[in-house]
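Read the figures in this text as sums done on the coordinates, not as results from a lab. All values derive from a computational prediction rather than experimental measurement. So basically every Cβ, Gly included, is an ideal-geometry build from the backbone, and we count neighbours across all protein chains shown.
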Amino acid sequence: MRPRKPAIRTCIGCGKSEDKREIVRFVRTPDGAVELDETGKANGRGAYVHAALECFETAIRKRKIASALRANVNEDDIGRLRADFERVLGHPGAIDNEDGDA
Ligand SMILES: [Zn+2]
């Protein structure tokens, strides 16, 4: 028995489960837009994607994010979400780091 309780989420890009530290959360805002949830704690319906660009591309291009969040995702949204995603990928640990040691 291990005391640690892992938080497992399923990537909608490749369908594999992963510890949530390796996963990026997207959330549907109250007005129906989709945003990257850097805190992982934002209120609203969430969808999870590996911190890997190929999973993001699969999720966004096959409209899995839109379908999972029941939201509309247009080309402008995709560009914005990709920029946010790449920014997060460039800062490992930034997703689940509440201490903010930067
Ligand atoms: Zn994945």
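Ranked for footprinting exposure by Cβ neighbours inside 10 Å, fewest first, Val34, Val88 give Val88, Val34. Averaging the sequence gap over all C-alpha pairs within less than 8 Å and six or more residues apart, then dividing by the number of residues, gives the chain a relative contact order of 27 percent.
Going by the alpha-carbon gyration tensor, a ≥ b ≥ c the square roots of its eigenvalues, is the stretch 8-89 rounded (a/c under 1.5) or, if a/c is not under 1.5, prolate (a/b greater than b/c) versus oblate? Spell out each step's value before the answer.
Numbers: a/c = 1.36, a/b = 1.19, b/c = 1.14.
Here the stretch 8-89 falls in the rounded category.
Using the 10 angstrom Cβ neighbour count as an exposure proxy, how do Glu57, Glu75, Glu86 rank, fewest first? Can you show the working numbers first?
Working: Glu57 15, Glu75 7, Glu86 11.
Fewest-to-most ranking of Glu57, Glu75, Glu86: Glu75, Glu86, Glu57.
Rounded to the nearest 10 degrees, the inclination of helix 75-89 to the longest alpha-carbon principal axis of the chain is 20 degrees. Close amide H contacts of Asp37 (hydrogens built in the peptide plane, cut-off under 5 Å, sequence separation of 5 or more or a different chain): Arg25, Phe26, Val27.
Cβ crowding within 10 Å, taken as a proxy for footprinting-reagent exposure, orders Lys20, Lys41 from fewest neighbours to most as Lys41, Lys20.
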